[in-house]
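The next block holds one structure in the form of structure tokens; read it before the comments.
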Ligand SMILES: [Zn+2]
């Protein structure tokens, strides 16, 4: 098991629906139901409190991606309301549904990384994780 070196690595593991701590065990038992424990490193996942935040992320991202599409369809293709609905609504629904699980994984990874809601904050030892100590800082003990 290797702890993530950075927050980005932990978040990426979450987005791939893997345990943010080890990157090996699966995060979910069903679509949006997290497991109680990581099957690989036994991390207790019950402190996660993703709540509605993954849905907000999915809506904000989908909205920002769909806005140019809607503008393009109405301006460049002069598409009517019905045609627009036939394209935009299914596309938006699919995008949001596809984004929910990775967003929830990233939210859980964020909560774990920052030690929120009872997660224990874990970091690689400083020598492995951070950049090398600046000259002048070493040997001051
Ligand atoms: Zn794990």
Choose one answer from 105, 14, 63: the residue with the largest mean-square fluctuation in a GNM of the chain with alpha-carbon springs under 10 Å.
63
A chain fully extended from residue 120 to residue 49 at 0.36 nm per residue, minus the present Cα-Cα distance, gains in nm 24.1 nm
Return the calculated 222 nm mean residue ellipticity for the chain, to the nearest 500 deg cm²/dmol, obtained by summing -39500 (n - 2.57) across DSSP H runs with n ≥ 4 and dividing by the residue count.
-16500 deg cm²/dmol
Convex hull over the Cα atoms of region 7-129, averaged projected area in nm²?
9.2
Inter-label distance, nm, simple model (7 Å from Cα along the C-beta direction), residue 91/residue 41:
3.9
Mind telling me which of 68, 54, 39 comes out most flexible in a GNM of the chain, alpha-carbon contacts under 10 Å?
68
On C-alpha positions alone, give me the angle between the axis of helix 81-113 and the longest principal axis of the chain, in degrees, nearest 10.
10
With springs only between Cα atoms under 10 Å, which of 125, 47, 20 fluctuates most in a Gaussian network model of the chain?
125
How many nm is it between the label spots at residue 75 and residue 61, if each spot is 7 Å from the Cα in line with the beta carbon?
2.5
Figure the gain on full extension for residue 32 and residue 9 (residue separation times 0.36 nm, minus the Cα-Cα span) and round it to one decimal in nm.
6.2 nm
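Bear in mind that the values in this text are calculations on the coordinates, not laboratory data. Computed from a predicted model, the values in this text were never measured in an experiment. Neighbour counts run over all protein chains shown; Cβ positions are idealised from the backbone, glycine included.
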